[in-house]
1. With respect to Asn586, determine if the residue is under 18 Å from Leu659 (Cβ atoms) and either touching a Leu at 6+ places or on another chain (Cβ under 9 Å) or open to solvent by 80 Å² or more (accessible area, probe 1.4 Å) (or both).
2. Can you confirm whether Cys807 is farther than 25 Å from Leu908 by Cβ and buried (at least 16 other Cβ atoms within 10 Å of the Cβ)?
3. Could you list all residues from segment 851-870 that are over 32 Å from the mean Cα position of the chain (by Cα) and closer than 13 Å to Thr945 by Cα?
4. Within segment 357-401, work out how many residues are free of Cβ contacts under 8 Å to residues at least 24 places away in the same chain, assigned to a loop (DSSP other than H, G, I, E, B) and within 19 Å of Ile419 (Cβ to Cβ).
5. Which residues, taken from segment 844-872, are open to solvent by 40 Å² or more (accessible area, probe 1.4 Å), among the charged types (D, E, K, R) and closer than 20 Å to Ser940 by Cβ?
6. Of all residues being outside any helix (DSSP H, G or I) and open to solvent by 100 Å² or more (accessible area, probe 1.4 Å) in segment 141-163, which is nearest to Gly223 (Cα to Cα)? Just the residue, please.
7. Mind telling me which of the residues Arg946, Arg863, Arg898 ends up being basic (Lys, Arg) and assigned to a strand (DSSP E or B)?
8. Only residues in segment 91-105 that are under 12 Å from Leu205 (Cα atoms) and touching a residue at least 40 places away in the same chain (Cβ under 8 Å) count as the first member; pair them with residues that are among the hydroxyl-bearing types (Ser, Thr, Tyr) and surrounded by fewer than 19 Cβ atoms within 10 Å (Cβ to Cβ), Cβ under 8 angstrom, at least 6 apart or cross-chain, and list the lot.
Amino acid sequence: MNQIKSSKICSYIVKKLSKNLSIEEITVYLAQNNQKELEEMKFYKSKNRLQASETQLYDQSLEELNSQKHRIKSKNYEMMLNFLEGLQPIYKIGDSMQKIVHLEKIILGEDNQTEIQENATLEIEGGIVYIISLWDNIIKENEGPLDEVQQLYQIKTEWKNKVKLISISLKSQSKKMIEIINQKKWKCFEHYRIQKYGKVPNKFLSMLNYEDLPYVVIIGKNGKIVHIGFHFEVVLEDIITQELQKEEEITPQQQEINNNNLEKSQLYQQIINEIQQDKQDQNIQIIQQSISNENQDVQVSQLQDQQSEVDQDNKDKQLSAEKQIPDQQKISKQENNKKDVQQENAQKMIKEQLKVQKQQLKDIQEILKSFNFEGNLSISLIRTRKLEKANKFKIEQISEFELSYSVSNNDLDQLESFIDQVWNQIPEPLRRIKQSDVYNQSVNLVDIQKKIRIIFKNSGKIRYPETINIVIIWDRDLEKMVISEKKGFTVSISELSLAQFYEGIQESNLHFSQLNENENYSYIINKLINQIRLSVTLGPGKKFVPILNYKKYGADEKSQINHEQGQVLVIFYWTCNNDCINLLKNLEQILLKNNESWGKNVNFVALNTGEEKEYQQFMEQNEQFKNVMNIYHKKEIVLGDTYLYGATHVPYFVIVDKLGVIRQINIPLNIENSINKVVKEGNVQYPQIFKIQRQSVNLIKKKIGNQDIKKQLSSFDKDRIIDLRLEFEAQQIGKDLEFQKAYLNYFIRDKQEEEFNKLLIQLFQVIPEHCWNINKQISKTISIKYPGNICAVCQQDISSEPKQYYCYFKNEYVCVQCAEFTDLSKKGMDIYKYQDTLIFINGPLQDESVLQDIDSHKIGKNRKLKEGEDDSLKFNFICNGCNNSQHEGPRYIAVNARPGKYRGTGYLDYCQQCFQVLKNKDSIEAKKIIEKDVAEGMNSDNLFTRVLFWYGKYSEF
């Protein structure tokens, strides 16, 4: 993804936002001594937030950004995400609130019987005052304000049918919440609970932006918020009384009715007046009959002459005015055109100035390559553009060149030379020095190492042996192994406990606080400290140490995890990410399957170290896991058990045998087999400590680089999807290398596992399996039989029809007519005759291999619309065919393109129009689309997964 395309996507999203935000685009051009090319960074800012009424616009912008994530550079994505999150609409006093969705309603019945209604919506009715109290049962003090509100409601009998009390619990479990409601007898309230949807934040809570609980929202009779905050911030009785006494506000609809009635009333009065005038005229006519005809003729003639003069005068004025109007319009238009031309010329001049200054900065970047500063030096230029109402960015300002440097005293001669030769050549009005720091370079790597040795001198012996990292990677494109070596250093320390390490860290923080401000020093210090930490962690062959301060799910008190003699203990570190959750589901099946044989012989403990809120939400929706394993939570802390056991990533296992000795860590190749092996052991025989020798690594390099291995991998990796990486860490001890760690990381498909394991066996014959830190991913694949015989919808024979649709989830086929039939008079899923996720087979097929080894993540989750979700057929993604981002109709994902592991660059996606072109695969237009992405695995026989509605990012469907 090039920078221009990435920026255009960001700019497109920004331009769709509200024009009232006063958005500025800031572009920073940066030249600095430690980079080869001029760096360009862009971000947006706005002084305002979106209004509550613009929530839909905010959601659409966020969804569009996430849908384009794979097409945007990661730093641009993070910048846009921060910008949009800063625009998040927040409720304020005076905003309308129509409804609150995604609730669970607790309906109280007789004899404490309750009914739970899921996916409930709280509709805000006009003419009613609402007191909405937010609480949870975790903190006892939350209950007090609800007691007070109920007591006040019971006293104020005039509030009945005019005021509604609403309680919304944020963290309580339904069962516990019902117990408290019945115990407290809160029968005056309507009770709700926030319904959790995984990691998705509740929109009502996000817009409320509450600080703490308990919290209250008061909504007036007109549906507008009159108070947000804590209960004690207002006198509840006064604010409700004032709200009830307010006159009903006239809605726009009622105002229109009133206006119509007024017009009718005025019309009736006019008719009455005309009738009365007719009667008066009749009386006048009787009197006028006595006036002589001659006098009458004279009066009429005079009146006619006067009227003619008035008419002529009016005509003259009208003609004069009509002549003036075009002249005024013409002058106004000319003035506007003149202003536009002046503004365009000014913008051209500014752009030319910027062009010149950018070129100067590029030249400076080239010159900086000849300087060798130990510290950092940079020059920046900032362009500020404002988004105008015409949806165009206009340059508002170009900054001066700004110089910032933080260099050592050894750099002073070079700095002086740079200032004279480069900086002073820039005109003085166009430059300024922003930061100028010179530090004493009396400290170097050796000094830092010496100081750390002194800090830990009372705890252990520290040395700094040289290291060599050997990395072996399978290059699937070149179909060969690539081997590289890199020298460095590590830390070796003996006789150091975790407590002593913690004390040493405290002292090192005090000593190195100033040095840590320097990026180069900070990296060295952190590297040294982390390597010392690794020396005090526990691994295979060491005794298990109890794990402290975890809270078991459903319990209030913290407890510790101990090992019981004669029992196998399995520790599973996890968070709520997808990999861990999928593994958790597999572990549940393994535990159920082995329940009889393992029973009390195995204690399986799942320790969650992620965010508490996320953990609570997940467990409330998946309580079945607690039936087969013990589940605990404690947010990960520095120097806690995760550090002690080396669990620096998740998922991560620690398997402890019956005698309390750690047997395996990290992720075993087969967790079920690993546990079974330890369970079935009689007299425990510990694996012999295996020291990885240089000759073992050389033998691995020789084996892995052998042509037979290359042929073996190539034979079952025709799609070139395998990732394989081996890494060895070694210390230089005199003239010898002592290998400390071996890492094995790989990605394969399920059907490749048997053949790939043959390769692993060869590796494990040289270095045993328990010596490797293994990280593996095995992707599930499917295959499709073709053609299908009967359409699942119309039951017609389709065996002779080359183009068909297939549903993997129901294992049935659908004809093109039924699959593509739409009824736009209906809504939601009912628009389509067949509503499950379908794969389109673009027959007749020249290459039937497209039906085999399909990565399961390409066929989706058979997602359907949930209640309340937008059923719009509008899609926001950039089509790989036409490159447009706004589309009508389904979205189609190329199943066989970009095979294997999802790599963050996304799939190949096509809009409805381009898909129709691709169906006619022999056409010139189709071949043009295909040719664009042949390198990505696109071909004319490619299958397509159909996505009916806009569900957002890939992980959502």
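The values are calculated or read from the model by the stated rules, or taken from the named source; none is laboratory data. Keep in mind that what you see is a predicted model, and the values were worked out from it rather than measured. Positions of Cβ are generated from backbone atoms using ideal geometry, with glycine treated the same way; all protein chains shown enter the neighbour counts. Note: accessible area is taken over every heavy atom of the protein model, side chains too, but ligands, DNA and RNA are not part of it. Shrake-Rupley method; radii C 1.70, N 1.55, O 1.52, S 1.80 Å.
1. no
2. no
3. Leu851
4. 1
5. Asp847, Glu848, Asp853
6. Once the filter is applied, the top-ranked residue is Lys162.
7. Arg946
8. Ile100/Thr121; Val101/Thr121; His102/Tyr197; Leu103/Thr121
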